[in-house]
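Accompanying notes for the structure given below.
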There are 2 protein chains.
Amino acid sequence: MGLRERKKEKTRLAIMDAALELFLEQGYESTTVEQIAGAVEISPRTFFRYFTNKDHLAMWFHDHGEEIMLETLAERPADEPPFTALMHALRAVLTDVQSSTPDDASRFLKLRKLLDGNPHLVGKSVARGARTERRLAEVIAARRGVDPDEDQLTHLIVAFAMSTMRVGFECPRRDGTMEEIQRRMAESIELAERCLRPGWDLRH
Amino acid sequence: MGLRERKKEKTRLAIMDAALELFLEQGYESTTVEQIAGAVEISPRTFFRYFTNKDHLAMWFHDHGEEIMLETLAERPADEPPFTALMHALRAVLTDVQSSTPDDASRFLKLRKLLDGNPHLVGKSVARGARTERRLAEVIAARRGVDPDEDQLTHLIVAFAMSTMRVGFECPRRDGTMEEIQRRMAESIELAERCLRPGWDLRH
DNA sequence: AACCATGTTGTCACAGTGTGCCATAAGTCA
DNA sequence: TGACTTATGGCACACTGTGACAACATGGTT
């Protein structure tokens with residue numbers, strides 16, 4: 001990895017950290033791109049070369065999480081029930097965060113805290129989730145051997161999986177430690193599995 | 001209803017229709033507020049007094065749909081299982097559109113067509129749905145006699161209900177007549193009910 | 001009818017977002 | 001070193017969204 005790339009990554013993280021600090025200190029809405037750029041000593045123009053917009057900052061781990069889910073899904077056995085495979089993919093995202101650097105984990109928790117007080121960002125977050133849902137639906141449709149444009153059950157499986165994830169991630173809000181999030185997510189997955197009929201995701 | 005209110009409503013619909021026409025003709029992104037305002041012969045400033053932003057236009061029926069759902073929910077018997085009640089609320093939204101004026105139904109279908117080709121708007125739509133989900137969760141928590149901040153199942157019930165709605169509404173896309181939407185929605189509801197364990201939404 | 005309180009509109013100024021363009025500086029490789 | 005690629009900064013610009021104020025329309029009152 002060349003100097004150029006390392007420097008870019010460093011700048012990217014510097015922007016991220018400066019932005020998070022400003023957001024948590026003075027609020028998301030009242031923080032401008034100009035302020036963030038100023039704190040990292042780059043021009044506002046350059047900011048937009050790293051992040052397409054301010055919201056994109058808050059979606060930091062969504063891109064990564066989506067990739068983890070898709071990778072995990074690809075590795076799961078083909079005969080595993082789709083929802084089960086999705087639950088594994090979901091757990092993999094959390095595992096990945098935990099096994100990352102302390103700095104990354106800290107950013108993850110700060111972002112979560114940021115979402116807590118900003119319905120607007122929660123909205124953005126679920127909107128980003130809709131994109132993930134589309135991509136997951138493609139994969140699940142392939143696994144099930146159906147056309148994603150024809151099969152409602154495929155979309156229902158993915159939507160239920162994402163719902164399970166959101167419920168585990170968002171609700172209820174307590175201290176917000178990594179351990180708690182993992183515990184809540186496990187609870188949510190277990191709960192969802194108790195709600196669904198055995199074999200519900202195998203029919204077609 | 002005074003002249004003043006009638007005039008406002010007329011302007012509101014005029015903006016809506018002009019905007020829809022422009023969107024479908026030249027695309028959503030490439031239509032500016034200035035153009036819409038020009039087509040209705042109002043100032044751009046006035047546009048923002050009717051709709052908080054351009055996206056708000058595309059969320060036209062969300063506000064109304066949310067109210068219908070909440071009203072329907074309030075009328076459902078208290079001992080009805082939560083998910084069943086939510087499915088009734090969901091059907092009520094479509095019934096309401098069908099029993100409205102032909103103009104309103106036409107706007108509804110145009111909006112749906114608009115969403116089809118704009119992932120950005122689909123994102124906005126599900127973000128708006130997240131707000132509805134929060135409000136529904138309050139009601140369902142009250143029905144179940146639990147604290148919405150403590151009970152994951154409440155949120156799972158609502159999230160599954162909204163998922164069912166989205167799947168029925170969005171997928172798969174065909175001719176897009178009112179009849180088809182209703183049929184797809186009925187299919188989706190039936191499918192969801194087959195996927196879930198009987199009595200899953202009664203536990204606590 | 002004249003009057004006033006209230007609501008609606010247009011105009012202006014302004015802050016902020018996001019993009020295209022081009023010159024310049026920095027990293028890369030021969 | 002010199003030739004190249006890529007990142008950056010600065011500039012102008014279009015668009016969004018809001019606050020403030022003046023002009024006007026409406027509805028009710030005397």
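The values are calculated or read from the model by the stated rules, or taken from the named source; none is laboratory data. Quick caveat: nothing in here was measured; it's all calculated off a predicted structure. Cβ coordinates were reconstructed from backbone atoms using ideal geometry, including for glycine residues, and neighbour counts include every protein chain displayed.
Can you tell me which residue among A:LEU90, A:LEU20, A:LEU115 is at pLDDT below 95 and either surrounded by fewer than 19 Cβ atoms within 10 Å (Cβ to Cβ) or within 19 Å of the chain's Cα centre (by Cα) (or both)?
Values: A:LEU90 fails: at pLDDT below 95; A:LEU20 fails: at pLDDT below 95.
Of the residues listed, the single one that is at pLDDT below 95 and either surrounded by fewer than 19 Cβ atoms within 10 Å (Cβ to Cβ) or within 19 Å of the chain's Cα centre (by Cα) (or both) is A:LEU115.
Starting from residues that are of a type in the set (D, E, K, R) and outside any loop (DSSP other than H, G, I, E, B), keep the ones in segment B:136-170 and report whichever is farthest from the other protein chains (Cβ to nearest Cβ). It would help to see each step written out before you state the result.
Looking only at segment B:136-170, we keep the residues that are of a type in the set (D, E, K, R), and these are B:138, B:143-144, B:147, B:149-151, B:166, B:170.
Checking the rest, the ones that are also outside any loop (DSSP other than H, G, I, E, B) come to B:138, B:143-144, B:166, B:170.
Values: B:GLU138: 12, B:ARG143: 17, B:ARG144: 14, B:ARG166: 6, B:GLU170: 8 Å.
Once the filter is applied, the top-ranked residue is B:ARG143.
Within the group A:HIS88, A:HIS62, A:HIS120, which residue is in contact (Cβ under 8 Å) with a residue 40 or more places away in the chain, within 22 Å of A:LEU136 (Cβ to Cβ), in a helix (DSSP H, G or I) and not charged (D, E, K, R)? Break it down stepwise before answering.
Details: A:HIS88 fails: in contact (Cβ under 8 Å) with a residue 40 or more places away in the chain; A:HIS120 fails: within 22 Å of A:LEU136 (Cβ to Cβ).
Only one candidate passes the filter, namely A:HIS62.
Quick one: what pairs do we get from segment A:160-180, first residue more than 26 Å from A:ILE140 (Cα to Cα), second at pLDDT below 85, C-beta under 6 Å, 6+ apart or different chains?
Sorted first by the residue in segment A:160-180, then by its partner, the pairs are A:GLU180/A:ARG174.
If you check B:PHE51, B:PHE47, B:PHE83, B:PHE23, which single one turns out to be touching a strand residue (DSSP E or B) at 6+ places or on another chain (Cβ under 9 Å) and of a type in the set (A, V, I, L, M, F, W, C)? Before the answer, list the steps.
Working: B:PHE51 fails: touching a strand residue (DSSP E or B) at 6+ places or on another chain (Cβ under 9 Å); B:PHE47 fails: touching a strand residue (DSSP E or B) at 6+ places or on another chain (Cβ under 9 Å); B:PHE23 fails: touching a strand residue (DSSP E or B) at 6+ places or on another chain (Cβ under 9 Å).
Answer to the check: B:PHE83.
Could you check A:TYR50 against (1) at negative phi; (2) more than 11 Å from DNA strand D (Cβ to nearest atom) and say which number it fails?
In the conditions (1) at negative phi; (2) more than 11 Å from DNA strand D (Cβ to nearest atom), A:TYR50 misses (2) alone.
Taking A:ARG173, is it more than 8 Å from chain B (Cβ to nearest Cβ), within 18 Å of the chain's Cα centre (by Cα) and over 19 Å from A:GLY129 (Cα atoms)? Break it down stepwise before answering.
Details: more than 8 Å from chain B (Cβ to nearest Cβ): no; within 18 Å of the chain's Cα centre (by Cα): yes; over 19 Å from A:GLY129 (Cα atoms): yes.
In short, no.
Pull up segment B:52-65, narrow it to residues that are within 14 Å of chain A (Cβ to nearest Cβ) and either crowded, with 16+ Cβ neighbours inside 10 Å or of a type in the set (A, V, I, L, M, F, W, C) (or both), then point me to the one that is farthest from DNA strand C (Cβ to nearest atom).
First pass over segment B:52-65, keeping only residues within 14 Å of chain A (Cβ to nearest Cβ): B:52-53, B:55-56, B:58-59, B:62.
From the residues that got through so far, the ones that are either crowded, with 16+ Cβ neighbours inside 10 Å or of a type in the set (A, V, I, L, M, F, W, C) (or both) too are B:55, B:58-59, B:62.
Numbers: B:ASP55: 12, B:ALA58: 17, B:MET59: 18, B:HIS62: 22 Å.
Once the filter is applied, the top-ranked residue is B:HIS62.
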